[in-house]
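The values are calculated or read from the model by the stated rules, or taken from the named source; none is laboratory data. Computed from a predicted model, the values in this text were never measured in an experiment. Glycine gets a Cβ as well: all are built from the backbone with ideal geometry, and neighbour counts include every protein chain shown. Note: accessible area is taken over every heavy atom of the protein model, side chains too, but ligands, DNA and RNA are not part of it. Shrake-Rupley method; radii C 1.70, N 1.55, O 1.52, S 1.80 Å.
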Amino acid sequence: MAKGIKITKSGKDISSSTLDDFYMDSAYPLLKVHSYGTFETGVTGLKTITHSLGYIPYVLVFVQFVGWVDAASYITDEFYQCDWLQEGATVTYFGTVKVYDDDIDIAVGNTNEARSGAVDGFYYIFKDEVT
Amino acid sequence: MSYGIVVSKAGYDATSGALDDKNKIFDSSLDHLKTYSSGYFEQTVTSGNSYSGYVAHSLSCSPLCMVYFTTDETNYRVALSGSPDAFPYRYSVGYGNVSVYVDDAKVYFRLTNPTGSSIDFLVKYEIFYEGDA
């Protein structure tokens, strides 16, 4: 006999075989938050965040976009989900996250201006291992 | 004395204090992502054009979200980001793309079609309570 925990959505039957009827079903692992927060990159557009898990975790990172117009960089108000690497006519825009055993390295900016200025972002690092 | 619920993965002892968090299915002492809203929309984008849309929220923060899309209803791709003011197809992707970005009022979608024919997009999203607040 299988054992576990299920929590249904309102109006749904606990015996339902439709997974979407449940807020939680312990037969399916949930992402568990290890750490989260906001950050500001250095003037080079780089940021390292240490997690010390000792393995490669799932992460989500959103960061402002560093554009280029009228021969100058600008930073958006909105946050964009990493990763992107986009080639324009004369400039490449990037927002990347490299995930390591003990930290993540974030890089955001464009190739026309190495010193892109401080950029804001936020991140979630999960305890769940990429396998 | 602490109380809570721990569900381990098969083959692991939920009562073991040495149980690594990555081998748990659920632990009530840990935070989990909580869905604020989810949904989908369909949109046709003609050749060389784009479509911009959004889903409003009232979270008062810029939320985490996950967005997947398909152009053939078979293969789903993760929606990532692109420039807000240029033709934002993802580097190395020569077919339709969906970009997503967020602020404290909306989740924005930008659908682009760099191909020579119309594309029917199906976009599915999940917006979470968690974000930059």
What FRET efficiency comes out for the pair B:TYR40/B:THR74, r = Cβ-Cβ distance, R0 = 25 Å, nearest 0.05? 0.95
Amide H within-cut-off set for B:PHE121, under 5 Å, with H built and near neighbours excluded: B:GLN43, B:THR44, B:VAL45
Full-extension gain in nm, B:LYS9 to B:HIS32, via 0.36 nm per residue minus C-alpha separation: 6.6 nm
Hey, if you put +1 on the Cβ of every Lys and Arg and -1 on every Asp and Glu Cβ in the protein assembly as shown, which of A:GLN86, B:LEU80, B:VAL6 ends up farthest toward the positive end of that dipole? B:VAL6
Whole-Hz Karplus couplings 3J(HN,Hα) for the stretch B:38-51, θ = phi - 60° and coefficients 6.51, -1.76, 1.60, Gly and Pro as x, run 9, x, 8, 8, 10, 8, 8, 10, 6, 3, x, 10, 9, 9
Can you put A:LYS32, B:LYS106 in order of accessible area, largest first, using a 1.4 Å probe? B:LYS106, A:LYS32
Based on the Cα coordinates of chain A, what is the per residue volume of their convex hull in Å³? 158 Å³
Can you give me the long-range amide H partners of A:ASN112? Hydrogens built in the peptide plane at 1.01 Å from N, cutoff under 5 Å, separation of 5 or more residues or another chain. A:THR92
Report, as an integer, the average count of C-beta atoms from other chains found within 10 Å of each Cβ along B:97-109. 3
Please give the FRET efficiency for B:SER60 paired with A:MET24, using the beta carbon to beta carbon distance and R0 = 25 Å, rounded to the nearest 0.05. 0.45
Tensor-based shape of the protein assembly as shown (alpha-carbon gyration tensor, a/c under 1.5 rounded, otherwise prolate or oblate): oblate
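What average count of beta carbons from other chains do you get within 10 Å of the Cβ of residues in B:22-33?
Details: counts 12, 4, 5, 10, 9, 3, 0, 1, 7, 9, 6, 7.
Mean inter-chain Cβ contacts per residue within 10 Å come to 6.
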Answer in debye to the nearest 20: the dipole magnitude of chain B about its Cα centre, from +1 Lys/Arg and -1 Asp/Glu charges placed on Cβ, is 180 debye
Label model pair A:ILE56, B:ALA133: point-to-point distance (7 angstrom along the Cα→beta-carbon line) in nm is 3.5 nm
What list of ³J(HN,Hα) values in whole Hz, one per residue of the stretch B:115-132 in order, does the Karplus curve 6.51 cos²θ - 1.76 cosθ + 1.60 (θ = phi - 60°) give from phi, with Gly and Pro shown as x? 8, x, 9, 5, 10, 9, 8, 10, 10, 10, 9, 9, 10, 10, 5, 6, x, 8
Below 10 angstrom from the Cβ of A:HIS51, what's the summed charge of the other residues (Lys, Arg +1; Asp, Glu -1)? -2
Just to make sure I understand: if all protein chains stay in place, what is the order of A:LEU46, B:LEU122 by accessible area at 1.4 Å, largest first? A:LEU46, B:LEU122
What are the ³J(HN,Hα) values, in whole Hz, obtained from phi via the Karplus relation 6.51 cos²θ - 1.76 cosθ + 1.60 with θ = phi - 60°, for each residue of the stretch A:8-14 in sequence order, with x given for Gly and Pro? 8, 6, 4, x, 9, 8, 4
In this structure, among A:LYS6/A:LYS127; A:LYS47/B:LYS22; A:LYS9/A:LYS47; A:LYS6/A:LYS47; A:LYS47/A:LYS127, pairs with alpha-carbon gaps over 29 Å are A:LYS9/A:LYS47; A:LYS6/A:LYS47
What is the mean number of Cβ atoms from other protein chains located within 10 Å of the Cβ atom of each residue in peptide A:25-33, rounded to a whole number? 5
Give me the accessible area of A:GLU40, 1.4 Å probe, in Å² rounded to the nearest 10. 110 Å²
What number, in percent, do you get for the relative contact order of chain B if the mean sequence gap of Cα pairs under 8 Å and at least 6 apart is divided by its residue count? 34 percent
Given H placed 1.01 Å from N in the peptide plane, which residues other than close sequence neighbours of A:VAL119 have an amide H under 5 Å from its amide H? A:THR41
Nearest-10 value in Å² for the accessible area of A:TRP68, using the 1.4 Å probe: 60 Å²
With +1 assigned to the C-beta of every Lys and Arg and -1 to the C-beta of every Asp and Glu, and no other charges, what is the dipole magnitude of the protein assembly as shown about the Cα centre in debye, to the nearest 20? 460 debye
Suppose accessible area is computed on protein heavy atoms with a 1.4 Å probe; arrange B:TYR68, B:TYR3, A:TYR74 from highest to lowest. B:TYR3, B:TYR68, A:TYR74
Quick one: how many Å² of B:SER58 are accessible to a 1.4 Å probe, rounded to 10? 90 Å²
